[in-house]
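Accompanying notes for the structure given below.
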Amino acid sequence: MQTPTTIQLRTAIEVLNKLSERLNQRASDSAMQLRESPFDNHQAGRIEVTAIEQTSRIQSVAAQLEQWRNELMQQRRQCVSHHV
C-alpha cells in the first residue's frame, strides 16, 4: 500500500469534517420536524445521541489523519534538511 500524500490526507480530513457537519444538520432538521409528544421527544433524543456518536467517531478519525499528516510533513522536512 502506498503512503498517501499530505494533500490527500488534508482532503480526507476536510471530507470528514463536511460529513460531520452534514450529519449534525440532518439530525437537527429531523428533530425539528417531529411533533411535541412524548414519543417524538424520545425520538428526537435518540437522533441527537446518534449524531453525537457518529460525529465523535468521525472527529476521532480526522484527528488521527491529522496526526499522520503532521508526521509525514515532519519526516519530509527532515529528509530535505539532510539533503541540503
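The values are calculated or read from the model by the stated rules, or taken from the named source; none is laboratory data. If you're wondering where the values come from, they're calculated on a predicted model, not measured in any experiment. Every residue, glycine among them, receives a Cβ derived from its backbone with ideal geometry; neighbour counts consider all protein chains shown. The protein model used for the area step is the full one, side chains on, heavy atoms only, and it has no ligands, DNA or RNA in it. Shrake-Rupley method; radii C 1.70, N 1.55, O 1.52, S 1.80 Å.
Charges only on Cβ, +1 for Lys and Arg, -1 for Asp and Glu: so what's the dipole of the chain about the Cα centre, in debye to the nearest 20?
Numbers: 10 positive and 9 negative charges, 79 e Å.
Once rounded to the nearest 20, the dipole reads 380 debye.
The solvent-accessible area of Leu19, taken with every protein chain present and a 1.4 Å probe, is close to 80 Å². Entry note, the chain: relative contact order of 42 percent, from Cα contacts under 8 Å with a spacing of 6+ residues. Measuring with a 1.4 angstrom probe and ignoring ligands and nucleic acids, Ile47 comes out at about 40 Å² accessible.
Protein chains only, probe 1.4 Å: how do Val61, Val80 rank by accessible area, largest first? Don't skip to the end; give the middle numbers.
Values: Val61 65, Val80 90 Å².
Correct descending sequence by accessible area is Val80, Val61.
All other residues with a Cβ under 14 Å from the Cβ of Met32 taken together, and with Lys, Arg as +1 and Asp, Glu as -1, what is their net charge? So the environment of Met32 carries a net charge of -2. Counting only Cα atoms, the chain measures 69, 22, 14 Å along its principal axes, largest extent leading.
Send over a whole-number figure in Å² for the accessible area per residue of the chain, probe 1.4 Å. Accessible surface, normalised per residue, equals 81 Å².
Shown is the FRET efficiency for Ser60 and Leu34, computed with R0 = 25 Å from the Cβ-Cβ distance and rounded to the nearest 0.05: 0.30.
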